[in-house]
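Participant: I have a structure here, written as structure tokens, and I will follow up with some questions on it.
The values are calculated or read from the model by the stated rules, or taken from the named source; none is laboratory data. Keep in mind that what you see is a predicted model, and the values were worked out from it rather than measured. All Cβ positions, even for glycine, are placed from backbone atoms using ideal geometry, and neighbour counts span all protein chains on display. With ligands, DNA and RNA removed, areas are computed over all heavy atoms of the protein, side chains included. Shrake-Rupley method; radii C 1.70, N 1.55, O 1.52, S 1.80 Å.
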Amino acid sequence: MQTTSLGPLTVSRIALGAMLMGDKTPVDEAHRMLDRFVDAGGTLVDTADTYGKGESERVLAPWLARRRDDVVLATKVRFETDDPPGAGLSPDRIRAACDASLRRLGVDVIDLYQVHAPDPAVPLEETLEALDGLVRAGKVRAVGASNFPAWLLAWAVAAQDRNGWAPFVSLQAQYSLVERSVEIEALPFCRAAGLGVLPWGPLGAGFLSGRYRRDTAMPDGSRMATAGHDLEEAPARRAIERNFRVVDAAEAIAAERGASVAQVAIAWLMGVDGVASPIVGPRTMAHLDDLLTGVDVALDDDLLDRIDKIVPPGTDIGTLDMAYQPPAIERADLRRRSLDDRAAA
């Protein structure tokens, strides 16, 4: 499998997401899938402290005990957990959450530690300085962002550069054939600033698996069948005619290439300049095998043009992407520090 760089890290062009491990994927099968991924050349494994309230990290621990040197380990902090209790990106909580993740994972260092989403209750600089402290302490090798709007990501990168703090090396963002809004601002910024994009939801929460059909109920047990109306993959938002036309086009291309719809969706992302590693989150070994088989699928310009005519670059679905409203609008104490204030500090 091909590799790419995220700052000091060398990672595989496909990342394995562990969100379902210990939940919809039993532990034994999860460990077999991890072995299969690594044996196929995969290295980047992504989880978060909030997945199953730490259960995903705990499931990884015994596997990491025997294969830690084979992977680049990524996890995240921001949302509600029991250990430490609460949520957010205050410096004290970031430090406590990192220690808790290290303990659950059974490792001494996290390769890529990511903020799962912005926290409007905490000044951005405080969060970034705390992340830098983790790198300096040797607990984290590199840091990344997830679900940041482009303007806030630019603010963060500028603050890191200005203060000599550990820089973001990556952005996790929702990105797929049915959600291309990242192409408007975030993707171009990441290209210019040297951050690798790690698309989450590359199959549109399973919509690009080919399982869904017009005027047909969502399959039992599928993610879309249980998605609330406030989520991007809610049927009323995702299962629309334009998106079904995207699947039609992908199915036609898949037939021409002797591939699956999912393989075409991943191949399309891997061909985008600036995309480092789409994060696939298969529930079963069969799903993983299908995705790994398609790693070498390539799409030529004519096929890419056909896709763009159905779903133009920058197209979104009215996403609800954890919008960040800066508290500085209302609270002077949280506004960006002035040059005079920074000089005095």
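Participant: Filter region 222-257 for residues that are at pLDDT below 65 and of a type outside the set (D, E, K, R) and give the result. Let's see the steps before the verdict.
Facilitator: Of the residues in region 222-257, the ones at pLDDT below 65 are 225, 230, 236.
Across region 222-257, the qualifying residues are ALA225, ALA236.
Participant: Within the bounds of region 271-278, is there any residue that is surrounded by fewer than 19 Cβ atoms within 10 Å (Cβ to Cβ), modelled with pLDDT under 90 and closer than 23 Å to ASN147 by Cβ?
Facilitator: No: region 271-278 contains no residue that is surrounded by fewer than 19 Cβ atoms within 10 Å (Cβ to Cβ), modelled with pLDDT under 90 and closer than 23 Å to ASN147 by Cβ.
Participant: Same structure, new question: State which residue pairs qualify: first residue more than 12 Å from VAL261 (Cα to Cα) and inside region 285-306, second residue of a type in the set (Lys, Arg) in any location, beta carbons under 8 Å apart, and separation of 6 or more residues or different chains.
Facilitator: Short answer, once both residue conditions are applied: MET285/ARG32; MET285/ARG36; LEU288/ARG36; ASP289/ARG36; LEU292/ARG36; VAL295/ARG13; LEU299/ARG257.
Participant: May I ask you to list the residues in region 287-299 that are at pLDDT 85 or above and open to solvent by 70 Å² or more (accessible area, probe 1.4 Å)?
Facilitator: Within region 287-299, HIS287 is the sole residue that qualifies.
Participant: Separate question: Of the residues in region 35-66, how many are open to solvent by 40 Å² or more (accessible area, probe 1.4 Å) and closer than 19 Å to ILE14 by Cα?
Facilitator: From region 35-66, those open to solvent by 40 Å² or more (accessible area, probe 1.4 Å) are 36, 39, 52-53, 55, 58, 62, 65-66; that's our starting set.
Applying the additional criterion that residues be closer than 19 Å to ILE14 by Cα yields 36, 39.
Within region 35-66, residues that are open to solvent by 40 Å² or more (accessible area, probe 1.4 Å) and closer than 19 Å to ILE14 by Cα number 2.
Participant: For region 108-156, give me each residue that is of a type in the set (Val, Ile, Thr) and either buried (at least 22 other Cβ atoms within 10 Å of the Cβ) or in contact with a Ser or Thr (Cβ under 8 Å, 6 or more places away or on another chain) (or both).
Facilitator: Those that are of a type in the set (Val, Ile, Thr) and either buried (at least 22 other Cβ atoms within 10 Å of the Cβ) or in contact with a Ser or Thr (Cβ under 8 Å, 6 or more places away or on another chain) (or both): ILE110, VAL115, VAL122, THR127, VAL140, VAL143.
Participant: Just one of ALA166, ALA145, ALA150 is modelled with pLDDT of 95 or more and within 30 Å of ASN243 (Cβ to Cβ); which is it?
Facilitator: Details: ALA166 fails: within 30 Å of ASN243 (Cβ to Cβ); ALA150 fails: modelled with pLDDT of 95 or more.
Checking each option against the conditions leaves just ALA145.
Participant: Tally time: how many residues in region 98-131 are modelled with pLDDT under 95 and hydroxyl-bearing (Ser, Thr, Tyr)?
Facilitator: 0
Participant: Can you tell me which residue within region 69-107, out of those that are part of a strand (DSSP E or B) and in contact with a strand residue (DSSP E or B) (Cβ under 8 Å, 6 or more places away or on another chain), is surrounded by the fewest Cβ atoms within 10 Å (Cβ to Cβ)? Don't jump to the end; show me each part of the working.
Facilitator: Start the filter on region 69-107 by keeping residues that are part of a strand (DSSP E or B), which leaves 72-77, 81-82, 85-86.
From what is left, the residues that are in contact with a strand residue (DSSP E or B) (Cβ under 8 Å, 6 or more places away or on another chain) are 72-77.
Working: VAL72: 22, LEU73: 24, ALA74: 29, THR75: 29, LYS76: 25, VAL77: 32.
Only one residue tops the list, namely VAL72.
Results for (1) farther than 23 Å from ALA18 by Cα; (2) open to solvent by 20 Å² or more (accessible area, probe 1.4 Å); (3) part of a helix (DSSP H, G or I), shown as yes or no for each residue.
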{"site": "ASN243", "(1), (2), (3)": "yes, no, yes"}
{"site": "ASP248", "(1), (2), (3)": "yes, yes, yes"}
{"site": "ALA252", "(1), (2), (3)": "yes, yes, yes"}
{"site": "ALA255", "(1), (2), (3)": "yes, yes, yes"}
{"site": "ALA265", "(1), (2), (3)": "no, no, yes"}
{"site": "TRP268", "(1), (2), (3)": "no, no, yes"}
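Participant: Inside region 17-59, can you point out the residues that are under 23 Å from ALA87 (Cβ atoms) and part of a helix (DSSP H, G or I)? Even if it seems obvious, please write down each step before you answer.
Facilitator: The initial filter retains those residues of region 17-59 that are under 23 Å from ALA87 (Cβ atoms), namely 17-23, 46-59.
Passing the criteria: TYR51, GLY52, LYS53, GLY54, GLU55, SER56, GLU57, ARG58, VAL59.
Participant: In addition: Which residue out of ARG283, ARG337 is assigned to a loop (DSSP other than H, G, I, E, B), among the basic types (Lys, Arg) and either modelled with pLDDT of 90 or more or more than 28 Å from PRO188 (Cα to Cα) (or both)?
Facilitator: Values: ARG337 fails: either modelled with pLDDT of 90 or more or more than 28 Å from PRO188 (Cα to Cα) (or both).
Of ARG283, ARG337, the one residue that is assigned to a loop (DSSP other than H, G, I, E, B), among the basic types (Lys, Arg) and either modelled with pLDDT of 90 or more or more than 28 Å from PRO188 (Cα to Cα) (or both) is ARG283.
Participant: Among the residues of region 184-216 satisfying the criterion of being farther than 23 Å from VAL11 by Cα and part of a helix (DSSP H, G or I), which is most open to solvent (accessible area, probe 1.4 Å)?
Facilitator: Residue satisfying both the conditions and the ranking: SER209.
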